[in-house]
1. Could you tell me the calculated FRET efficiency between residue 336 and residue 290, based on Cβ-Cβ distance and R0 = 41 angstrom, to the nearest 0.05?
2. Taking Cα pairs under 8 Å and at least six residues apart, what relative contact order does the chain come out at, in percent?
3. By average Cβ neighbour count within 10 Å, what is the ranking of 515-521, 458-464 from highest down?
4. Spelling out what I want: for every residue of the range 267-280, take phi, set θ = phi - 60°, compute 6.51 cos²θ - 1.76 cosθ + 1.60 (Karplus), and round to whole Hz; glycine and proline get x.
5. Give me the Debye-computed log₁₀ of I(q)/I(0) at q = 0.10, 0.18 Å⁻¹ for the range 285-485, equal point scatterers on Cα only, no solvent, two decimals.
6. Full extension from residue 606 to residue 306: what is 0.36 nm times the residue separation minus their Cα-Cα distance, to one decimal in nm?
7. Considering the dipole of the chain built from charges on the beta carbon (Lys and Arg +1, Asp and Glu -1) around the Cα centre, which of 577, 140, 475 is farthest to its positive end?
8. Need one number: nm distance between label points at residue 80 and residue 438, each 7 Å from Cα along Cα→Cβ, rounded to one decimal.
Amino acid sequence: MRITCTKEDAKRNHYVPLPIGNGDLSLQIDYAGAQRQEKFCGMIPGIRRTGYRYDSAIQPTPRGFIPLGFFDQDIAGAGELSDWTQTIDIGRGVIECRTVYADGLVMDSVVFCHYARNVIAVHKRLSQPRRYAFRYHLAARRLRVTPQRDLELRCEFDLDRPKDDRVVVSSDQDGFRAKAGDGVYALEGALSEGTFFITFNDDRHESWAELLADHCGRWQQYWAESYVRLPDKRIEATYYSSQYHLKISSTRWSMPIGLFDTHWSGRFFAFDAYFMVTGLLSSGRLDEVAKITRFNASLLQRALMRSAPSHHNDGSALFNWMDCEDGGEGAGPGHWLDHIFHHANIALTCYDYCRYSNDHEFLAGDGYALIRACAMMYLRRMIYRNVGGKTIVGKCCDLERLGPNRENAFMTTCSAIATLQCAADTAAALGRDAELVAEWREVAAELRRDLPREGNRYVAYPGSPTASIGTLAGYYPYPVLAPDDPAAVAALDFFNANESKVGNMYTTGQSICAWYRCWKAMAYLRSDRPQDALEQVTALANETGCFSEVFEIYEKGMRPWFATAEGAFIDVVNRLLLPNDKGQIPAHRCGWHDVEYRLMLPGKKWVTHP
């Protein structure tokens, strides 16, 4: 799929430079095929690398990315840009730009970051020869850059663990002169057509054509695993832009909301990752999900120790709200540190991964240990039985918009029920912890019985004065309620009637944010209202950027390429196409018959249509 934006399109919509990357490197390319230092929807293009971040002493962004520079260009005599088009070729992972300058010069650019290697390739073709300079800017705190020969740069990072790296700026052009000074490393010469490379610890010897062919071949192989073809091409474009961004955000640790400074500097929210996981699993992307749940498992011993020293520990774990690659807490101080529902998402990521992949060996080992520790956190630390005749979850931070210290909060309680259920099911299947299985099931039933409600509907917490997306949590992401539960249906309708007041993650705007639209769509699907679900999907696809990219809050131009909503959007579309528990295809009830897809159900069961 190819998506193109013109200069005129950008005047009518939120334009943001296109992201490229490979889960290790991340960067954005503007319409001139470079990285001009302008702010686009709050984002300034730059090169970032996972695992390269400052320690907590650096302010104002604790554990923020170390900036690894940017590149720009200078074309002698070209003047200002008069027109441009920019295209992302999602199928090949390539960005194409055509820029027209005031003097009539036309420049075509093709840019990619190699699928599996830390090589950035920038190909330029000019309509007439010009003096051209390709410039890489690199300067950052606690980074010493020493040119070795030509533009081979030795980079010494003075961090908690000092490291040396090698960055090379090169070209396939003869006669280009290297020039270094004041943090700028340039290649200058006469250019008609040629390629410039920036490599990070990579000994590149291949030509532009060889690298491009290898890169595109890998992308095409990736896309061949699963696919959809939809009658609504706007939804299809949003689906593929979302799939693309999830792939380039898949690090060797876990998956962040985005590998950008504006997206919490690429730190990992186990809570948000689960929404990405749902879309990845139904798309059959098992390898991507395996990395996420294995990363969570690698943090278990630290989480057990955080809960209590080993000689006092009752088997419960306390996981960070936000993780860095080294397992350290990535969140700054705030009431969000009192969230606990991310433990459900950690457990469900593992549980669902094993359901889809049939990875029984992992489930029987690290997987069950992870699920059990999350269930024990709820059971031994946060659940109170016989409090005024009720079983409740104690005070914690539920959704941040609702403020801190909410007791018997609906969403957190649903998260506890889901975790206890999946722990009990897993232990029973493995033949373990029989006494705990009985207790987990009993407590889950009590929590479900005592969910907070007023009148005929569930509420966010007892006495809550406002509607909240959290009251849909029993449908999604924690499907612990019956589809026809009258109080759940009433809560969904109440949220729908009040969403203009509470439909964004923050107190801003009058619309409903992308993540909430997906959340509501999934609730409609769970409650057997597929037409309403499709209407939400359609509305979201019509509130996307120049490249059909999903924003956290579109009306405010806030955080484009927002992976939490992307994963949920993908899953909603997949659920419309896949057979439900009754064997029905929800999309057929909406008039969607002209569809093609290859998607996955649990048990590694591929479903292909037609």
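1. Plugging the Cβ-Cβ distance into 1/(1 + (r/R0)^6) gives 0.90.
2. Across the chain, relative contact order equals 13 percent.
3. For the peptides 515-521, 458-464, the packing ranking is 515-521, 458-464.
4. The phi angles translate into 6, 9, 9, 4, 4, 5, 4, 5, 5, 5, 4, 4, x, 5 Hz.
5. -0.40, -1.33
6. The residue 606-residue 306 span can extend by a further 104.0 nm.
7. 475
8. Each label point lies 7 Å from its Cα, and together they span 8.0 nm.
Where a number appears in this text, it was derived from the coordinates with a stated rule and is not lab data. It should be emphasised that the depicted structure is a prediction, and the values quoted were computed from it without experimental measurement. Cβ atoms come from the backbone with ideal geometry, glycine included; neighbour counts cover every protein chain shown.
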